[in-house]
1. Can you tell me which residues in the stretch 185-244 are at pLDDT below 70 and assigned to a loop (DSSP other than H, G, I, E, B)?
2. Of all residues in the stretch 132-143, which are touching a strand residue (DSSP E or B) at 6+ places or on another chain (Cβ under 8 Å) and surrounded by fewer than 19 Cβ atoms within 10 Å (Cβ to Cβ)?
3. Could you please give the count of residues in the stretch 216-240 that are surrounded by fewer than 13 Cβ atoms within 10 Å (Cβ to Cβ), touching a residue at least 40 places away in the same chain (Cβ under 8 Å) and charged (D, E, K, R)?
4. Filtering the stretch 1-23 down to residues that are open to solvent by 30 Å² or more (accessible area, probe 1.4 Å) and polar (S, T, N, Q), which residue is farthest from the chain's Cα centre (by Cα)?
5. Here are the criteria: (1) without any contact (Cβ under 8 Å) to a residue 40 or more places away in the chain; (2) touching a Leu at 6+ places or on another chain (Cβ under 8 Å). Tell me which single one ILE260 does not satisfy.
6. Filter the stretch 14-25 for residues that are at pLDDT below 95 and not charged (D, E, K, R); which is nearest to HIS67 (Cα to Cα)?
7. Is it the case that LEU154 is open to solvent by less than 50 Å² (accessible area, probe 1.4 Å) and either at pLDDT below 75 or part of a helix (DSSP H, G or I) (or both)?
8. If you scan the stretch 37-65, which residues turn out to be under 20 Å from the mean Cα position of the chain (by Cα) and buried (at least 18 other Cβ atoms within 10 Å of the Cβ)?
Amino acid sequence: MIYSMTGYGKGSVSKTKTSAEVEVKSVNSRFFETSLKLPSILFPYDYELRELIKTKVQRGKLSVIIHFKKDGIENGFISVDVNKLSNHLSLIKKIKKVSGIKEDIKLEHLLISKEIFTSQDAELNKSEFEIVKMALNKALDKLILMKKKEGAELSKDLSARIEKINRKVSEIDKEFRKSINEYHSKLKQRIQELTGNVEINEDRLNLELALIADRADITEECVRLRSHLKFFKESLKDEKEPGKKLNFLCQEMNRETNTISSKSISTSVIHSSVLVKEEIEKIREQIQNIE
C-alpha cells in the first residue's frame, strides 16, 4: 500500500472548559520536515509533540497549527497588567478634566483597552496536555486517511503505466527478432549487389552477420527490464516505505531502455523505446509524491 505525501487533517477535542484544535497540512519533500506553530503555553512540549508526529508520518513537509483554549480564552490563561491599568485610568481622568466631561468612569471604558490584559504563561496539567495530544492524533489520522486515498489513486495510475510498458517490451522483443532476420537478408543482398559476380566467402559473411546480430541483441536488456517492472508492481503493494525504492527502479528501467535504443538496428524498436522512456518519466514524476 502506498501513501501520497500531500494531505490535510483537522482534529478538535473539548472537555469541560478546555479545548484544543489542530490543523495538519503535508506537501512533497525529499525528507521529513515539521513546522510547528504553537501557543506559548505549549512551547515546553515541542519535542514531545514532534515525536508523536514521527510515529505516524515518515516523509513529507508538515505544517502543524495548534490552538489551545481554557475557559474560552486563547492560550488558556490571562491576567491584568496593573501598571498599564493605572496609567489607563489616569489618562481617562485627565481627558475628563481637560474636556469637562462629568460622566463616571465605567468598566466598559477600561475593557475597551486590550493593552491592560496580558497572557500569563503557566504549565498544563496532565489531563490538559492529553486533550492536546488527542486533538493532534485526530488530525493526523484524518491526514493519513487522505494520504491513503490519494495513494490508492496513484497506485492505479502507476500500475496501468507499468502494464503499458510491459506490452511495449513484448512488442520490442518480437520486433527485434524479426528485424535481425530482415537485416541479415538485406545486408547479404546489398553485399551481392556491390560485389557482383565475385565469389563470396559464405562462412566469413555468416560470421560477420553473427557478430552484428550479437552486438544488437537486446534479449538481456528486455529480461532485466521485465524484472524491474515486476519488482515495481510488487513494491506498490508490499513495501512499507516504497518511495525511494521505486525511484531507484525507475532509474534502472530508464538505463535498460537507453541500452535497448542504442543497440537496436530497428527503427521500430527505437520508436517503441522512446515511448517506454516517456512512460518511465511520467512514473518518475508521480512517485515524487509517494511517502
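1. Residues satisfying the conditions are GLY196, ASN197, VAL198, GLU199, ILE200, ASN201, GLU239, LYS240, GLU241.
2. The answer is MET134, ASN137, ASP141, LYS142.
3. Total meeting the criteria: 1.
4. THR16
5. (1)
6. The residue in question is ALA20.
7. Working: open to solvent by less than 50 Å² (accessible area, probe 1.4 Å): yes; either at pLDDT below 75 or part of a helix (DSSP H, G or I) (or both): yes.
So LEU154 passes the test.
8. Listed by number, the residues that qualify are ILE53, VAL57, ARG59, GLY60, LEU62, VAL64.
The values are calculated or read from the model by the stated rules, or taken from the named source; none is laboratory data. Owing to the predicted nature of the structure, the values given are computational and were not obtained by experimental measurement. Don't worry about glycine lacking a Cβ; one is built from the backbone with ideal geometry, like all the others, and counts go over all protein chains shown. Only protein heavy atoms, including side chains, enter the accessible area calculation; ligands, DNA and RNA are left aside. Shrake-Rupley method; radii C 1.70, N 1.55, O 1.52, S 1.80 Å.
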